[in-house]
Amino acid sequence: MVAKIKIVKSVTKALNYNENKVREGTASLILASRFGCASEDLGFSQKVNRFVRRNALCQKTSNNTLHIFLSFSNQDSLNNEKLQSIASDYMKRIGFGDQPYLVYRHDDTANPHVHIVTTTIKENGKAINLHMIAKRKSEPARLAIEQTFNLIPAQTHKRNQSHTILPGKPQGTKSDIALAISYATRNYRVRNLDELNAILAVKGIFADPGLPGSRRAANNGLLYYKIDREGQKYSVGIKASSIPGEPTLKNLQKLFFKNKLRVAENSKSREMLGDAISNSQNSNLYNLFAELNNQGLQVKFKSEGQNPMSSVALINHASKTIDILYPHQATDQALIEKLGNLTQKVRHPKNTQKNTPLQSSMNSGNVPVLLGNTLLPDNKSEGIALDYSESKKKKRKTP
């Protein structure tokens with residue numbers, strides 16, 4: 001684990017940095033300590049005012065805000081709960097356990113990391129001593145946490161950071177792909193390439209193993225592409241072995257195998273979909289997606305060639321699992337047929353065009369594309385920024 005502490009004068013600037021990342025879909029607030037309510041119930045003004053009121057208790061101290069950065073190896077197994085525990089332990093060890101603080105998880109680099117914003121002013125109006133805090137408090141805390149949580153040591157971490165993407169630096173196709181894969185494999189228990197592609201598609205990435213019988217498929221090769229909103233490739237294929245972290249099919253299969261052992265066949269998502277369809281009462285696909293989205297279940301169709309629904313991906317953001325429904329499986333046929341019937345009624349409340357984004361995507365190219373919730377705000381995706389949003393109509397120029 002790597003820990004860095006920055007003393008700043010403006011709490012608003014520190015908060016804005018993290019909140020902008022949240023709005024961009026590359027960060028999420030995972031912990032609000034001593035704010036009196038759950039993190040999801042906090043508005044920006046509430047966050048700012050909590051710190052401003054505390055800082056006002058000591059007018060003579062201008063450097064009253066800490067912006068802390070904790071970075072980890074991409075080999076560390078870290079979910080939000082573990083990151084919350086690590087952040088809380090770290091804050092206690094450096095003497096800030098009783099201070100109000102916010103913990104943001106960022107997914108804009110290849111390495112998992114969190115940002116913590118807190119105040120140096122205590123409840124009694126006195127300032128916490130920051131003299132050599134990095135050496136006196138942070139370094140011993142870092143070493144202890146590495147042992148307690150069985151983390152990759154900072155020295156090893158630094159040696160393996162040659163491909164780390166730092167905030168603010170330009171990112172190319174390889175970097176974008178590495179970030180998307182890192183996010184998908186850290187946050188979801190993917191068990192095969194189809195499940196991985198269900199998450200990557202949200203980030204505009206497609207992992208292509210090649211057509212059956214092709215040289216690439218025979219050699220277990222894997223190319224990564226960027227795809228547009230219609231699921232069409234628009235970048236050159238990037239070899240998996242050249243991407244940071246080497247997400248080759250061979251390496252991914254090791255992860256898939258581990259996840260298969262951890263995650264039993266998950267029928268809950270299928271049950272949620274079946275119940276929603278049964279209760280739809282002649283509703284359309286938009287209303288069905290809205291109901292499922294509120295329950296944390298995201299539905300994505302896979303369009304391949306002339307088949308608009310060659311499979312259906314169910315992304316469960318609560319259990320962090322993905323289920324794929326296939327028409328050739330007898331247990332899935334009925335659900336897919338019912339979904340197919342609902343697609344005939346797709347209408348966006350604010351869009352009266354005959355050709356909706358979902359319908360146009362179903363009729364596009366041969367690239368397997370996973371679509372779903374194209375008609376909805378993604379309010380349950382925990383930091384995933386949907387790329388398949390409805391395109392704005394271009395205004396016609398008057399002659």
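Tell me yes or no: at least one residue of region 145-159 is touching a residue at least 40 places away in the same chain (Cβ under 8 Å), open to solvent by less than 10 Å² (accessible area, probe 1.4 Å) and in contact with a Ser or Thr (Cβ under 7 Å, 6 or more places away or on another chain). Yes - at least one qualifying residue is present in region 145-159.
Considering the conditions (1) modelled with pLDDT under 75; (2) open to solvent by 20 Å² or more (accessible area, probe 1.4 Å), S303 is excluded by exactly one of them, (2). Within region 1-41, no residue satisfies the criterion of being surrounded by 19 or more Cβ atoms within 10 Å (Cβ to Cβ), more than 22 Å from the chain's Cα centre (by Cα) and on the phi > 0 side of the Ramachandran plot.
Within region 50-65, the presence of at least one residue that is crowded, with 16+ Cβ neighbours inside 10 Å, touching a Cys at 6+ places or on another chain (Cβ under 8 Å), assigned to a loop (DSSP other than H, G, I, E, B) and not β-branched (V, I, T) is confirmed. Scanning region 179-237 for residues that are assigned to a loop (DSSP other than H, G, I, E, B), without any contact (Cβ under 8 Å) to a residue 60 or more places away in the chain and either crowded, with 20+ Cβ neighbours inside 10 Å or within 13 Å of the chain's Cα centre (by Cα) (or both) turns up just one, L222.
For region 112-127, give me each residue that is of a type in the set (A, V, I, L, M) and within 35 Å of the chain's Cα centre (by Cα). Selection gives V114, I116, V117, I121. Identify all residues within region 60-96 that are basic (K, R) and modelled with pLDDT of 95 or more; write none if there are none. Of everything in region 60-96, those that are basic (K, R) and modelled with pLDDT of 95 or more turn out to be K92, R93.
Of all residues in region 108-143, those being open to solvent by 20 Å² or more (accessible area, probe 1.4 Å) and either of a type in the set (G, A, S) or under 26 Å from D176 (Cβ atoms) (or both) number 2.
Of the residues F69, F96, which single one is part of a loop (DSSP other than H, G, I, E, B), open to solvent by less than 60 Å² (accessible area, probe 1.4 Å) and touching a strand residue (DSSP E or B) at 6+ places or on another chain (Cβ under 8 Å)?
On the way: F69 fails: part of a loop (DSSP other than H, G, I, E, B).
Going through F69, F96 in turn, just one is part of a loop (DSSP other than H, G, I, E, B), open to solvent by less than 60 Å² (accessible area, probe 1.4 Å) and touching a strand residue (DSSP E or B) at 6+ places or on another chain (Cβ under 8 Å): F96.
Within region 163-174, identify whether any single residue is modelled with pLDDT of 95 or more and open to solvent by 10 Å² or more (accessible area, probe 1.4 Å), and answer yes or no. No, that holds for no residue.
Here I86 passes the criteria (1) touching a Gly at 6+ places or on another chain (Cβ under 6 Å); (2) aliphatic (A, V, I, L, M); (3) open to solvent by less than 10 Å² (accessible area, probe 1.4 Å) except the one numbered (1).
The values are calculated or read from the model by the stated rules, or taken from the named source; none is laboratory data. This is a predicted model, so every value here is computed, not measured. Cβ atoms come from the backbone with ideal geometry, glycine included; neighbour counts cover every protein chain shown. With ligands, DNA and RNA removed, areas are computed over all heavy atoms of the protein, side chains included. Shrake-Rupley method; radii C 1.70, N 1.55, O 1.52, S 1.80 Å.
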